[in-house]
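The values are calculated or read from the model by the stated rules, or taken from the named source; none is laboratory data. What you see is a predicted model; the values in this text were computed from it and never measured. Glycine gets a Cβ as well: all are built from the backbone with ideal geometry, and neighbour counts include every protein chain shown.
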């Protein structure tokens, strides 16, 4: 259950929107991380899409966003 007591001065829908916008902003910041930094220490020939931590981070943020959006 979500606890929005610290945002008692605004409606629950507004608080939910604040959290959803925060997830989107974090996702945008993740996309700005350079790929060379993500794959640091891995040779270019050994780089695979499933080793890209940006994709995993976006996937987790998407699941969190969907959970907060639904509930």
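What the table shows:
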{"quantity": "Residue in segment 48-56 that is in a loop (DSSP other than H, G, I, E, B) and more than 13 Å from the chain's Cα centre (by Cα) present", "calculated": "yes"}
{"quantity": "Residue in segment 26-33 that is part of a loop (DSSP other than H, G, I, E, B) and modelled with pLDDT of 85 or more present", "calculated": "yes"}
{"quantity": "Subset tally (residues that are surrounded by fewer than 10 Cβ atoms within 10 Å (Cβ to Cβ) and under 15 Å from residue 55 (Cβ atoms)) for segment 32-42", "calculated": "3"}
{"quantity": "Test: residue in segment 9-17 that is surrounded by 12 or more Cβ atoms within 10 Å (Cβ to Cβ), touching a helix residue (DSSP H, G or I) at 6+ places or on another chain (Cβ under 6 Å) and assigned to a helix (DSSP H, G or I)", "calculated": "yes"}
